[in-house]
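What follows is a single structure, written as structure tokens, with notes after it.
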Amino acid sequence: MGKVKSTKEKQISAILRLLDSEYGTDDKCYLSYEKPYELLFSTIMSAQCTDERVNMVTAKLYKKYDTLESFADADIKELEKDIHSVGFYHMKAKHIKEAAQMLLREYGGHMPSGIEELTKLPGVGRKTANVVRGHIFNEPSIVVDTHVKRTAFRLGITDEKDPVKVEFDLMKKLPKDHWTLINLQLIRLGREICRSQKPKCDSCFLAGVCSKRSL
Ligand code: SF4
């Protein structure tokens, strides 16, 4: 006989079923890229910026700088100008150039797959590393950004508030086939319905299974 599910486990299963039927189970990445390092740089640029804006910038950027070497050798002022509209461009340009140099110097131009190695790259925290692991290496990973943190807490999936603790707690509570997917689903939920200010609980498809806790 299988293990009897606790009330919390039943609630989480119901949430996942509703998320799957509303948003689907395609774990596509919203950032456009062709090469692994392009996803890394796009994710660095996406901090405090929309994916749409990043995609607009990278449509030109990845044609102008079409190799890792061209980023490593880039004139920093010119690179800053090229990515100006994504915001925080001084820091982001510096991180992209230095990450390109480190990838060439220490990994022969290849992307490492381990979280330890990835988080040693300039400008790469657990969130960016997990985006790369999930989409490039198909390593199930849970990316916790502000939307995931807020909606997972409100829904009652986690009691944690610190992003790293949320990540580990979700890994314990969610089936592996939802690790990469949950990020895409909760980001959409957070952007469209469960916004930071005035969540639309009255019209939310999750209202019947949500703990509706305020964060
Ligand atoms: S019911 Fe309200 S709190 Fe719960 S997920 Fe929907 S909008 Fe967010």
If we keep just the residues of segment 1-39 that are loosely packed, with under 11 Cβ neighbours inside 10 Å and of a type in the set (D, E, K, R), which is farthest from Ser113 (Cα to Cα)? Lys3
Which residue, of Arg150, Arg154, Arg105, is modelled with pLDDT of 95 or more, surrounded by fewer than 15 Cβ atoms within 10 Å (Cβ to Cβ) and assigned to a helix (DSSP H, G or I)? Arg105
I'd like the residue in segment 185-210 that is surrounded by fewer than 19 Cβ atoms within 10 Å (Cβ to Cβ) and not in a loop (DSSP other than H, G, I, E, B) and, out of all such residues, is nearest to the ligand (Cβ to nearest atom). Cys201
Would you say Glu160 is at pLDDT below 95 and surrounded by 13 or more Cβ atoms within 10 Å (Cβ to Cβ)? no
Any hit, segment 124-137, residues being farther than 25 Å from His178 by Cβ, free of Cβ contacts under 8 Å to residues at least 40 places away in the same chain and surrounded by 14 or more Cβ atoms within 10 Å (Cβ to Cβ): no
Test Lys172 against the stated conditions and say whether it is more than 16 Å from the ligand (Cβ to nearest atom), part of a helix (DSSP H, G or I), within 24 Å of Thr50 (Cβ to Cβ) and among the basic types (Lys, Arg). no
If we ask which residues in segment 164-195 are without any contact (Cβ under 8 Å) to a residue 24 or more places away in the chain and charged (D, E, K, R), their number turns out to be 5
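The values are calculated or read from the model by the stated rules, or taken from the named source; none is laboratory data. Quick caveat, the model's predicted, so the values are computed rather than measured. So basically every Cβ, Gly included, is an ideal-geometry build from the backbone, and we count neighbours across all protein chains shown.
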